[in-house]
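Engineer: Here it is, the structure, as structure tokens.
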Amino acid sequence: MRISYSALETFKRCPLKFKFGYVDKIKTPKRKEAIFGTLLHSALKILHEPGLMIPTEEEILKYISDNWDAKIYTDEQESALAFAQAIKIMKDYYAKNYPSQFNVVALETLFEAPIQIGQDLHLITGKIDRIDKTPEGLFEVIDYKTSKKMPSQQAVDKDLQLSIYHLGVANRWPSLAKERRPIKVSLYYLRHGEKLSSARTARDLEAITEEAIKSIETIKQAQQAVKFDATPNPLCDWCEYQRLCPFFKHKFKEVKLFFNDQDVKALIGEYTKLKDEVDERDKRLSAIKADLSKFMDQEGMERLFGEDGYITRSAIQRFKYDSETLRTILEPLGRWQDVLKVDDMKLKKVAKELPPDKRAKIAEARQVDKEYKTLALKKTTKKK
Ligand code: SF4
């Protein structure tokens, strides 16, 4: 299999988005955030292009200005704001990163990270924004980011993309691995002018290879079974396939939907209202229970009488057993397995503390037992 890093990452987040983009190859217009990022990446490529005259700051800013596409923004004001941000980012970058101080080895270069599964060789491919050779003789992979949030150092140390880049660079120059020369991997956050760097140990790379193997196998299984589940995640707000996704397509439906002659939107309105009322009543019920209990404690009573009936307080006991004693009784009767049941919640808690290989084995042992659908309400604030 030959798969790009971004396809792999997309599948991990949402198999359905992977299907839309990489199996069905559905083309969608690029989002404005992506266009913004691409323009900055092109400007940085021009800035660091080796062997050419170093462009002046004015030339770089003119490049941004000449290639600015105001039409992708909702209105002039939004475009002006984004343009000002792009200019500020480039000015700050230029001041901090004058190109002559770097020894750039490659720009926007393609890579292949080989992953061997049995007899099959798979290739994870991608594009690295920049590779430098540092004054200490290290190779440094740099990926530019335009996101507003900066991750923690811990997240950078675990970042899958940087690990794959490391594998790609080591594959391109095998002598680096042979000479055991470390490779520096960095993310440059353009909006903040901050570079976060990390390195990968041999153990990290083994773990990442194992993770990649599992991901490739899961993708192959999904392709064979033609089963790509929609998986809502924090990046859904930026997903270009919302109109096709079962979790979002209703939002885009223009024709009025009717269900048993009732407007679905009206049903949702009623559902929301009823849910509020139920929540309110539950809250009041809890408060009444607490007051009655207090009164019972105060008066030493366990039953209280009203006009319509009476309320009795009783203790509910939950028991736990000595499992060894139970086992000696039930096992000879062949009934021990009948009372054993793995508690999913407890297992998740325990698994979090286990090493990655054990977690992976637990994940492999997992099977869907029952599946049912529930309705969950998330209120959205109405635009004024
Ligand atoms: S909107 Fe979210 S759940 Fe739907 S396809 Fe896109 S990423 Fe997947």
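Bear in mind these aren't lab numbers, they're just calculated from the coordinates by the rules spelled out. None of these values were measured; they are calculated from a predicted model. Counting neighbours? That spans all protein chains shown, and the Cβs are built from the backbone with ideal geometry, glycine included.
Engineer: Taking the beta-carbon count within 10 Å as an exposure proxy, list Arg180, Arg318, Arg200 from fewest neighbours to most.
Structural biologist: Numbers: Arg180 7, Arg318 4, Arg200 22.
Least to most surrounded, the residues fall as Arg318, Arg180, Arg200.
Engineer: Return the single residue from Leu162, Leu244, Leu274 with maximal mean-square fluctuation; model: Gaussian network over the chain, springs between Cα atoms under 10 Å.
Structural biologist: Greatest mean-square fluctuation among the candidates belongs to Leu274.
Engineer: Let me ask something additional. So if I place +1 on the C-beta of Lys and Arg and -1 on the C-beta of Asp and Glu, and nothing else carries charge, what would the dipole magnitude of segment 140-253 be about its Cα centre? I want it in debye, nearest 20.
Structural biologist: Roughly 320 debye for segment 140-253.
Engineer: Rounded to the nearest 500, what is the 222 nm mean residue ellipticity of the chain from helices alone, with -39500 (n - 2.57) per DSSP H run of 4+ residues and division by all residues?
Structural biologist: -14500 deg cm²/dmol
Engineer: A follow-up question, please. Using a/c under 1.5 as the rounded threshold, could you call segment 138-261 rounded, prolate or oblate? The axes a ≥ b ≥ c are square roots of the C-alpha gyration tensor eigenvalues, and prolate needs a/b larger than b/c, oblate otherwise.
Structural biologist: oblate
Engineer: Report the full-extension gain for the segment Val226 to Glu136: residue separation times 0.36 nm, less the Cα-Cα distance, to one decimal in nm.
Structural biologist: Residue separation times 0.36 nm, minus the Cα-Cα distance, leaves 27.4 nm.
Engineer: Convex hull volume of the Cα atoms in the chain, per residue, in Å³?
Structural biologist: Numbers: hull volume 116.8 nm³, N = 384.
Once divided by residue count, the hull of the chain is 304 Å³.
Engineer: Based on DSSP, what percent of beta bridges with both residues in the chain are antiparallel, to the nearest 5?
Structural biologist: About 75 percent, rounded to the nearest 5.
Engineer: Mind scanning Lys148/Lys195; Lys349/Lys373; Lys91/Lys145; Lys158/Lys349 and naming the pairs with a C-alpha gap bigger than 18 Å?
Structural biologist: Exceeds cut-off: Lys349/Lys373; Lys158/Lys349.
Engineer: Something else now. If I require 20 Å or longer along the helix axis, counting alpha carbons, and a Kyte-Doolittle average no lower than -1.0, what helices from the chain are left? Use full DSSP H segments.
Structural biologist: 32-48, 76-96, 202-225, 264-299
Engineer: Please count, across segment 262-309, the pairs of lysine residues with Cα atoms under 28 Å apart that sit 8 or more places apart or on different chains. It would help to have the intermediate numbers written out before the result.
Structural biologist: Working: Lys265/Lys273; Lys265/Lys275; Lys265/Lys283; Lys273/Lys283; Lys273/Lys289; Lys275/Lys283; Lys275/Lys289; Lys283/Lys294.
Taking segment 262-309 as the scope, the lysine pair count is 8.
Engineer: So, R0 is 56 Å and r is the distance between the beta-carbons of Ala315 and Gln153; what FRET efficiency does that work out to, to 0.05?
Structural biologist: 0.65
Engineer: Provide the gained length on full extension for the span Lys273 to Met345, in nm with one decimal, where the gain is 0.36 nm per separating residue minus the Cα-Cα distance.
Structural biologist: Between Lys273 and Met345, full extension yields an extra 22.8 nm.
Engineer: Starting from the Cα of Arg327, step 7 Å along the direction of its Cβ; do the same at Lys62; then give the gap between the two resulting points in nm.
Structural biologist: Using points 7 Å along Cα→Cβ, the separation is 8.0 nm.
Engineer: Oh, and also: Of Ile268, Phe305, Ser293, which is farthest on the positive side of the dipole of segment 262-309, counting Cα position, with +1 on Lys and Arg Cβ, -1 on Asp and Glu Cβ, and the Cα centre as origin?
Structural biologist: Ile268
Engineer: Calculate the spin-label point distance for Glu194 paired with Gln242, positioning each point 7 Å from the Cα along the beta-carbon direction, and give it in nanometres.
Structural biologist: In this crude label model, Gln242 to Glu194 measures out at 2.9 nm.
Engineer: For segment 2-238, with the dipole built from +1 on Lys and Arg beta-carbon atoms and -1 on Asp and Glu ones, taken about the Cα centre, which of Leu81, Ile46, Pro234 lies farthest toward the positive end?
Structural biologist: Pro234
Engineer: Same structure, new question: Amide H of Ile117 versus every other amide H placed in the peptide plane: which residues, excluding those fewer than 5 positions away on the same chain, fall under 5 Å?
Structural biologist: So Ile117 has HN proximity to His122.
Engineer: Which of Ile208, Val156, Ser198 sits closest to the plus end of the dipole of segment 153-215, meaning its Cα is farthest towards the positive end, when Lys and Arg get +1 and Asp and Glu get -1 on the C-beta?
Structural biologist: The listed residue farthest towards the positive side: Ser198.
Engineer: What's the FRET efficiency of Asp69 with Val368 using the Cβ-Cβ distance as r and R₀ = 35 Å, to the nearest 0.05?
Structural biologist: 0.15
Engineer: What is the dipole size for segment 2-238, taken about its Cα centre, with +1 at each Lys and Arg Cβ and -1 at each Asp and Glu Cβ, in debye to the nearest 20?
Structural biologist: 440 debye
Engineer: Okay, next question. Could you order the peptides 364-374, 229-239, 331-341 from most to least packed, using the average number of other C-beta atoms within 10 Å per residue?
Structural biologist: By packing density, highest mean first, the sequence is 229-239, 331-341, 364-374.
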